Amino acid sequence: MEPETGWLPEERLKAMEGPLLSWYEGHARILPWREQPEPYRVWVSEIMLQQTRVEAVKPYFHRFMSALPQISDLAQVEEDRLLKLWEGLGYYNRARNLKKAAQILVNEYQGQLPKSCEALLKLPGIGSYTAGAIASIAYDIPVPAVDGNVLRVISRVLGSREDISKQSVKRKMERLLSKVIPSNDASRYNQGLIEIGAVVCIPNGAPLCGDCPLAFLCAARREGLTGEIPVKAPKKERKKEKRTVFLIWNHGRIALRKRPDKGLLAGLYEFPNVEGWIEENDVGRCLEGKPSKIVALPQSKHIFSHVEWHMKAYEIFMPSYAGKAYLWADPEELKEKYSLPGAFKAYTELVR
Ligand code: ADE
């Protein structure tokens, strides 16, 4: 059946259900949180997937679930251990919010995730997408779960040129989907939409319309607009910051310090570093104590969501160190105990 060009958005979306569900039946990837969709597993996986690709998440997910198999384990985990489990995923506040929410669940919900979108939304770190994903995937409650994947699919199906980076557009899609989501198949329906967005109507590059069960309905495809839709306002340019990082050795141990509790990378450990680029001849002036050797290391760059760090670095050997500002870790502890943000990866790798 060729869909009517004059269809209302709701009618067009209603027509997705059958093809979407049968496609999902035959094409869903086998994923650990799909095989056993317990609420806790769905929650952790969705938080991890907000920042990282499915393939990269898998090993983190397995490690996290083995280390903290119950919500009560997460509620009690020591912060440093939690951050170590999260190391490499970035956005560490997401891990901290998981723990805060777990504590609330233990105190107020007998250690279970509540079976209602409204209650889920009140937990730290859970916004409308995650609440919808947990409610629908784990409990089959018919509520939408609109992430970037779903925004792309739906705006193409509808041929909508509205800017998907706007909250108001996301809310509108949520309202539309609420009206058409099947009352008895929300888990497969939402995962089907997410899956099409992840593997067919892909985020970068041309969509694979030949493989898409919704192609027959898709206004963007019919009008040749898949290159223009979705419309997404360009992000503000990131601020570029120069920094100089010091790998200071003292008798086989390396200097670390804890970052402040607020702001970028709050509460994480780091190699001492200063704003700006320090030239090799001036490094001594930044240190408390006399270095026996200073070696320039390769420069590196790290991109955060709003800032870029452009780093120079030096390896510094200090037979006697006068300051008290640092804690000293041997290379084994650096690997096993302290969680250094990915921003320092180029230098953490040099510490053996
Ligand atoms: N990306 C975000 N959530 C996902 C999910 N539940 N399955 C696959 N990819 C996803």
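The values are calculated or read from the model by the stated rules, or taken from the named source; none is laboratory data. Just so we're clear, the structure is a prediction, and the values are computed from it rather than from any experiment. Note that we place each Cβ from the backbone using ideal geometry, even for glycine, and neighbour counts take in every protein chain shown. Accessible surface areas use protein heavy atoms only, side chains included; no ligands, DNA or RNA. Shrake-Rupley method; radii C 1.70, N 1.55, O 1.52, S 1.80 Å.
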* Return yes when residue 229 is open to solvent by less than 10 Å² (accessible area, probe 1.4 Å), within 21 Å of residue 15 (Cβ to Cβ) and more than 16 Å from the ligand (Cβ to nearest atom) and no when it is not. => yes
* **Subset tally (residues that are within 16 Å of the ligand (Cβ to nearest atom) and open to solvent by 40 Å² or more (accessible area, probe 1.4 Å)) for segment 111-128** => 1
* Test set (1) surrounded by 19 or more Cβ atoms within 10 Å (Cβ to Cβ); (2) touching a Pro at 6+ places or on another chain (Cβ under 7 Å) - residue 195 fails condition number -> (2)
* Asked: residue 309 passes all but one of (1) assigned to a strand (DSSP E or B); (2) without any contact (Cβ under 8 Å) to a residue 12 or more places away in the chain; which number fails?
  -> (2)
* Asked: Among the residues of segment 55-68, is any acidic (Asp, Glu) and under 25 Å from residue 127 (Cα atoms)?
  -> yes
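Step by step: first the residues of segment 33-88, then only those that are among the basic types (Lys, Arg), within 16 Å of the ligand (Cβ to nearest atom) and part of a helix (DSSP H, G or I), then the one that is surrounded by the most Cβ atoms within 10 Å (Cβ to Cβ). Which residue is that?
Among them, the one singled out is 41.
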* Complete set of residues in segment 15-32 that are touching a Phe, Trp or Tyr at 6+ places or on another chain (Cβ under 9 Å), closer than 29 Å to residue 160 by Cβ and assigned to a helix (DSSP H, G or I) -> 17, 19, 20, 21, 24
* Scan of segment 1-32 for residues that are open to solvent by 40 Å² or more (accessible area, probe 1.4 Å) and either under 23 Å from residue 105 (Cα atoms) or modelled with pLDDT under 95 (or both), ordered by number -> 1, 2, 4, 5, 6, 7, 8, 9, 10, 11
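Let's see how each residue does on (1) farther than 21 Å from residue 146 by Cα; (2) among the basic types (Lys, Arg):
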site: 5; (1), (2): yes, no
site: 9; (1), (2): no, no
site: 14; (1), (2): no, yes
site: 21; (1), (2): no, no
site: 35; (1), (2): yes, no
site: 63; (1), (2): yes, yes
site: 74; (1), (2): yes, no
site: 91; (1), (2): no, no
* Structure fact -> How many residues of segment 175-220 are of a type outside the set (A, V, I, L, M), assigned to a helix (DSSP H, G or I) and within 16 Å of the ligand (Cβ to nearest atom)? The answer is 8
* Asked: Just wondering, is there one or more residues in segment 87-104 that are more than 20 Å from the chain's Cα centre (by Cα), farther than 30 Å from residue 232 by Cα and either at pLDDT 95 or above or hydrophobic (A, V, I, L, M, F, W, C) (or both)?
  -> yes
* Which one is farthest from residue 264 (Cα to Cα), of the residues in segment 335-352 that are open to solvent by less than 10 Å² (accessible area, probe 1.4 Å) and at pLDDT 90 or above? -> 347
* Asked: Of the residues that make up segment 258-270, is at least one in a strand (DSSP E or B), within 22 Å of the chain's Cα centre (by Cα) and more than 30 Å from residue 148 (Cα to Cα)?
  -> yes
* Report, ordered by the first and then the second residue, all pairs with beta carbons closer than 7 Å, sequence separation of six or more or different chains, a first member in segment 19-48 that is free of Cβ contacts under 8 Å to residues at least 60 places away in the same chain, and a second member that is surrounded by fewer than 14 Cβ atoms within 10 Å (Cβ to Cβ). => 32/62
* From the list 208, 264, pick out the single residue that is open to solvent by 50 Å² or more (accessible area, probe 1.4 Å) and within 24 Å of residue 86 (Cα to Cα). => 264
* Asked: Among the candidates 303, 316, which residue alone is touching a helix residue (DSSP H, G or I) at 6+ places or on another chain (Cβ under 8 Å) and among the aliphatic types (A, V, I, L, M)?
  -> 316
* residue 6 fails exactly one of the following numbered conditions: (1) outside any helix (DSSP H, G or I); (2) under 20 Å from the mean Cα position of the chain (by Cα). What is the number of that condition? -> (2)
* **Filter result for residue 131 (more than 16 Å from the ligand (Cβ to nearest atom), assigned to a helix (DSSP H, G or I) and buried (at least 19 other Cβ atoms within 10 Å of the Cβ))** => no
* Looking for whichever is of a type in the set (Lys, Arg) and open to solvent by less than 30 Å² (accessible area, probe 1.4 Å) here; the options are 156, 94. Which one fits? => 156
